[in-house]
Each structure stands twice: as C-alpha cells, then as structure tokens.
1. Need one word for region 328-403: rounded, prolate or oblate. Basis is the Cα gyration tensor (sqrt eigenvalues a ≥ b ≥ c); a/c below 1.5 gives rounded, then a/b vs b/c decides.
2. Cβ under 11 Å from Ser73's Cβ, Ser73 left aside: what net charge do those residues give with Lys, Arg +1 and Asp, Glu -1?
3. What are the residues whose amide H is under 5 Å from the amide H of Val477, where those residues sit 5 or more places off or on another chain and H is modelled from the backbone?
4. Which ³J(HN,Hα) values, rounded to whole Hz and listed in residue order, are derived for region 120-132 from phi using the Karplus coefficients 6.51, -1.76 and 1.60 in 6.51 cos²θ - 1.76 cosθ + 1.60 with θ = phi - 60°, glycine and proline given as x?
5. Compute the normalised compactness of region 447-511: alpha-carbon radius of gyration over 2.2 N^0.38 Å, N being the residue count.
6. Normalised by the empirical 2.2 N^0.38 Å for globular proteins, what value does the Cα Rg of region 135-260 take?
7. With bins 5 Å wide starting at 0, give me the P(r) of region 473-542 over every alpha carbon pair, in whole percents.
8. In whole Å, what three semi-axes, largest first, describe the equivalent ellipsoid of region 350-453 built from its Cα gyration tensor (square root of 5 times each eigenvalue)?
Amino acid sequence: MLSLRLTSFTHLLSPTSSAAIARRSRAILRRRHHLRKRPLAASFSAQSATAETQDRVNNSKNRVPEQVITPRSQDFNAWYLDVIANAELADYGPVRGTMVIRPYGYAIWEAIQEYLNVKFKETGHSNMYFPQFIPYSFIEKEASHVEGFSPELALVTIGGGKELEEKLVVRPTSETIVNHMFTQWIHSYRDLPLLINQWANVTRWEMRTKPFVRTLEFLWQEGHTAHATPEEAEDEAIQMIDIYTRFAYEQAAIPVITGRKSKVETFAGACKTYTIEAMMGDKKALQAGTSHNLGQNFSRAFGTQFTDENGVREHVWQTSWAISTRFIGGIIMTHGDDAGLMLPPKIAPIQVVIVPIWKKDEEKAAVLNAALTVKDVLLKSGIKVKLDDSDQRTPGWKFNFWEMKGVPLRIEIGPRDVASGSVVISRRDIPGKQGKVFGISMEPSNLEAYVKDKLDEIQSSLLERAIAFRDSNIVDVSSYNDLKAAISEGKWARGPWSASDEDELKVKEETGATIRCYPFEQPKGIKTCLMTGNPAEEVAIFAKSY
C-alpha cells in the first residue's frame, strides 16, 4: 500500500473546489451536443450522466449531428476538448488532472515512437528503463533542480502500511536517478560516451491541466548521455534537437522554430536548453520538445567521474532531451478544423477509410467484395486502411465520423462504381466537392499510385498551410511598445534582445508573454535591443504559451 503526499496542493481537494468542478461539469453537459452512443461531455467526466441511457435509445442510425464540435473561432479550448472526446483520443481519469489515452490516441503516440526509436538507434542510443520511485535526497543534491521541481512533486511517505524512513519522489524527470546509476557504471574514458534513452511515464503535480498538453501524469521519452568533453555534450544536445525538428516538419507537418531558451526559461539544472516551439491554431506557443546541455552540474552533485587517457579523474559532461504526449496536443491544435481532427498521413493511425454504399440487399455483396479487394490492394502496398462495413450507420454518418477522426483520405464505393471499376476519393484537407474526385480506377497499380500520391500531397499541403499561418502571425518589433502591441493582438513578437533577466520577467508580468527562444536562424546586421536600446547580438521570439 502506497500513500502519496501531494505537496502544496491539498486545497484542491476542498469542498469548494469540488462544488465548482461539479457546476462546470453540469454546464458543459447542458451546452454540448452528442455523438455516437456516448454524450460528449460525459466522456470527459468522472461520472456518467443519467441521461446517457435515454440518448442511446433515441440515437437512431440515420442521425447525423448538425453540430458536434464547438467552432474554433467561438471557443478554442472547448473546440479542443470536443475534438479529443469525439475523436476518441483520450478521456479524463478519476483523479483530477489525469488522462486515459484511448486506442486511437495511443496509436498516434506509437507512430511518434516508431519514428524516434529508429532515429535514436541510428545515432547510437540504446533503450533501457529506470525506476519511477526516486529517493528524495537525490532531488535535493542539485540545488536549482530541486528548486525548479519542488512545487510539482508527488511524494510517497507510506509503503506497506508503514511510514518510510525516507520519502520517495514519483519520477518528475530522471536526471538524478540516472546520475546515481551512471556513477556506478562509468569508470574510465573507455566507458564513454554512454548514450541511453527510456520510454516512461512521469508525474508532475500541475495546478492547471489540459488533456495531452499538461496533465499530472504523461508519457514521454527521455534521453540521457554522458561524455568526456564539453564539445561532445554540446554536439549531442544540438543533434537531438535537430532530430526533433526533422520529426516535427517531416512527420507531424508542424513548422517549429528551433532555438535556445533564455536563462530564465532554461531547464532547472541545465547550462543550456534548446527547444522547438510550435504555433497553435489560437496563436499560442507550445514547447514541443527540448534538449538540455547539463554541463557538469549533475555529475558534480553526484560525483559521476571517469579517469581520462592521462589518468586524471574528471567529471563527465552530460545531456538530457525529451519529447512527450504533449506533441499529440500540438498536432490537434495545429491542423484541426471545425469538422474535427486533421491528421498528417505519416502519423495517422488510419490513412484511408473505405465506405461501401448500397441501398438494396442485392447490391451489398458486390459492393463489399469490391471494397475488400480495394482494401487488400492498399494494405499490400503498406497503406494503413480501415474498411467501415458496419450496417448500423448510414454512409453520411460515416463520412462525418471519419472526417472528425482526421483520416486523410476516404474511398467511397457504390453499385455504379463497381459497374465502372472505379472509386470516389475524398481528401480530408479539402472539404466538400472540391476535395472529391470521381472515377479513379480500381486497377491495383493505378489505385495504389493515386492514393500514395494524394497522401504525399496532403502531407505537404498541411505543412505549407501551417507555415503560412505561422509566418503571417509573427511580427518583427523594434520597441517595447511594438512588442506589447503585437502580443495584445495575439501574435508572436520577434525583436532584438540583450536586456536583463529582470526585464524579461517584466515583459512576462506586463504582457503574459515569455521568450520562447533565440532562434538558430538569426538575421544579419547590427541590432539594437528593443527594451534598452543597447547593442544586441540576437533576436528573441516572445509569445504567450501553453
């Protein structure tokens, strides 16, 4: 039996908070429409609504909801939660701030894992696993680390019915326990570099939560490396943020801006933090992945040393880097529209959905046989296909449902298509008749080539659309007044910066924006700090963020 003491957050369990949550849940239930058998709001509630049973009875197979998802322009946060619920990506767990990742959402995470695992192993890293319980004394060893994470820690104080001699931390990140083990494994320069990664869960007791973006527990990968020189550690940190950048562009079709965090925003315990920053559909920034050059901060705290080629004992130089299920939230908020989710083909769990259409019983067999043939052709070519041959719902309902799930391509097959040996193909990224093409041949080589070509077009189109949106919402500024004006309009502000940490905190206090990064791509020429008027070597990007 474990007893968790959740530091600094006992007030969240007060009757007042519970009542507020209940009122909010009832309000959500009143204002939202329903989809399938389960009411939308009930799928994001710890307790199901009593009206659900009657809804199931009344929900005829011919019904297509007129408005399932709150329009993005009306309420972006409500839209986001509606998409997660209706696309069956996740549900709330019974503990406030926790999340149950449903199969469709987890399949997106698996696509992220598959890509990154290959890249990690290509660069010499091996997967392993560390315990999630960490002695509290480990956290205390690195001063800035404990200061940065203390407000978010969940502590175990009782085990097996007895008070523990030393309280344990439920893993918020693993630098401390990794160093404890590295100290035992690293003895000589021959043991370096040590390059490992783990896929794990972490716990951070967040005050304000949002599914995928910020939850008490989430999934991630965290890489940890040890090196003999500072140059090797720096090269490693840059290499890994480059891998994240390529993943964002090539797989997720998200045009992140890659750069270095300011000192104020640097990871607790790191010398430098590199980041990929993504612009969401509401123009807020999402920190989508980070890579940290830890220098010797943790190795000195833990005594992680090696004997170099000259027989001298030295502390190792280290890095850590991570990307998490937060990226799924980024995909939703970058590409989704009022119809629901819109997935880039390379990470979509289903790339093509086939919807057979018939009215008469005598038409059914021929249509289904043709649909199965098309499915087999595409599966053999490596395309992820779903045949929706259920007869509980109408074709129109299925069209809406799979569009809401973000499937990139839909193939429609009816009796006339069977007779002509062709299919109808609709693109998710181009709504209505404009995205629909008739008379595509069922001949295997033609069909395979056409579908693959369209999937590539969709992948490129989503990236180009996101780049255009990002670039149109970044404003170059040369004064603090310009910066404030840009932020007040909901845009990102980019301008020269060499001011103090205190000035940076002033910007945050007065505008709500933070320095997202100093981009790697910097303009040339003489620059003047927008705040102080002093010379500046770099421009920084400011934005409000999640």
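1. Details: a/c = 4.25, a/b = 1.58, b/c = 2.68.
It is oblate, given that a/c is not under 1.5 and a/b is not larger than b/c.
2. Working: positive: Arg72; negative: Asp75, Asp282, Asp337, Asp338.
Every neighbour counted, the sum reads -3.
3. Arg494, Gly495
4. My calculation for region 120-132 gives 4, 6, 5, 9, x, 8, 10, 7, 8, 8, 10, x, 8 Hz in order.
5. 1.78
6. Numbers: Rg = 17.4 Å, N = 126, 2.2 N^0.38 = 13.8 Å.
It is 1.26.
7. With a bin width of 5 Å, the distribution comes to 4, 20, 31, 29, 14, 3, 0.
8. Details: eigenvalues 66, 57, 34 Å².
Each semi-axis is the square root of five times an eigenvalue, giving 18, 17, 13 Å.
Read-outs: derived from the displayed coordinates by stated rules, not from any lab. Because the structure is predicted, anything quoted here is derived from the model rather than measured. Positions of Cβ are generated from backbone atoms using ideal geometry, with glycine treated the same way; all protein chains shown enter the neighbour counts.
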